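The values are calculated or read from the model by the stated rules, or taken from the named source; none is laboratory data. Keep in mind that this is a model prediction, so the values were computed, not measured. Neighbour counts are summed over all protein chains in view; Cβ atoms, including those assigned to glycine, are modelled from backbone coordinates with ideal geometry. Accessible surface areas use protein heavy atoms only, side chains included; no ligands, DNA or RNA. Shrake-Rupley method; radii C 1.70, N 1.55, O 1.52, S 1.80 Å.
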Amino acid sequence: MQAANARTGLSAGQQQALVGTRFAVRWVPSTGSTNDDLRAAAAEGAPEGTVLAADHQSAGHGRRGRTWEAPPGSSLLVSILLRPDVDPDDLHLLTTAVGVAAAEAVDEELAVAVGLKWPNDLVAITEAGERKLGGILAETTWSGEHLDAVVVGLGLNVAWPDPVPLDGIAVALNQLTDAPVDRGDLLVALLLRLEAILADPEHSALLERWRHLATTLGRDVRVELASGVVIVGTAVALTDGGRLVVETADGPQEVTAGDVHHLRPA
Ligand code: BTN
C-alpha cells in the first residue's frame, strides 16, 4: 500500500487518478462538520470541486437537523463543493448524482450491491432486511437570488466496531464484505464517476442508472414532506426531472424531497 499524503489523505496513485478532474481533496483528522466547513469555504470563494474529507466529525449533521455520528475512522465522511449552473428546480439531481456515483463506486471497488432509497439514502439488502449504509445531505448557499454553491455531503459506514451502533437500522461495509476497504480508493472511484456524470449535460443517463439502483420504486411508501404533509401510496415512477411519483388514493402525486419510509419489506 502506498503512503497517504498528510494533506490530501490520498496516496500518490489515488491523487494521480484525479488529475484532469475538477476535484482537489483535503483530508483532515477531525472537524465539526465537513458540510459546514465547505459552506464557509464557499463564502470565501473556494472553487468548484473542492473536496473535504474527515476521519471524525464532532458536529456532523444529516437531513432535518438530525445529528450524524460515527466513531473516528469508521466512515467515509466527505463533502463536495459544486458551483453548478442548474435550474434551482433541478438541484435535487445533485443528490442523485452523488448517490449513483457512490453506489456504483462501492459495487466497483468491493462487489457489494448498494441500492438507493429515494431521495438520499444508500442501503444494503441484508438477510435481516434493508439497512442504511449511508446518507447524503445537499446544502445550498445563495447570494440573494443567485445560487452561489451547493455542498453535497456523504456519510458512508465503512468499518464499524462491535457492537455495531444502530444495529437493526444501519449497516457498515465491514459487515457486508471481508475485503479490506480503503476509504481513499472509494472516494477516488466516487469522484471519477461523479466527474463523468457532471460532464454530461443530459440527465437521462443518470436517471436510468438511478432507476436501476432504486429500491423505492414499486414499494408502498409513506412520505413526510418538510411542510409536515404526509403522503401514503405506492412509488410508481421517477420522472425525467428526478421527482418521485406516488400513486395515492387521490391520484398520482410528484414529490421533490421528503422523508420516505418503505412500508413493507422488499
Ligand atoms: C442523512 O442521511 O440525513 C444525510 C447524512 C449526511 C452526513 C454527511 S457526513 C459528511 C457531511 N458532513 C455533515 O455534517 N453531514 C454530511
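Structure notes:
- Scope region 113-129; condition more than 14 Å from the ligand (Cβ to nearest atom) and assigned to a strand (DSSP E or B); matching residues: Gly115, Ala124, Ile125, Thr126, Gly129
- Considered as a group, the residues in region 65-93 that are aliphatic (A, V, I, L, M) and at pLDDT 95 or above include one that is farthest from Ala46 (Cα to Cα), and that residue is Leu76.
- Taken residue by residue, region 131-138 has no member that is within 16 Å of the ligand (Cβ to nearest atom), open to solvent by 10 Å² or more (accessible area, probe 1.4 Å), part of a helix (DSSP H, G or I) and of a type in the set (A, V, I, L, M).
- Looking across region 240-249, the residues that are open to solvent by 30 Å² or more (accessible area, probe 1.4 Å) and either modelled with pLDDT under 95 or among the aromatic types (Phe, Trp, Tyr) (or both) come down to Asp240, Arg243.
- Test for Gly129: is it at positive phi and over 13 Å from the mean Cα position of the chain (by Cα): yes
- Within region 118-129, no residue that is surrounded by fewer than 12 Cβ atoms within 10 Å (Cβ to Cβ) sits with its Cβ atom under 8 Å from a residue that is part of a strand (DSSP E or B) at 6+ positions apart or across chains.
- Number of residues in region 169-195 that are over 17 Å from Leu133 (Cβ atoms), open to solvent by 60 Å² or more (accessible area, probe 1.4 Å) and not in a loop (DSSP other than H, G, I, E, B): the value is 1.
- Flag for Ala113 being closer than 21 Å to Pro180 by Cβ and either surrounded by 18 or more Cβ atoms within 10 Å (Cβ to Cβ) or not assigned by TED's automatic domain parsing to the domain that holds Arg183 (or both): no
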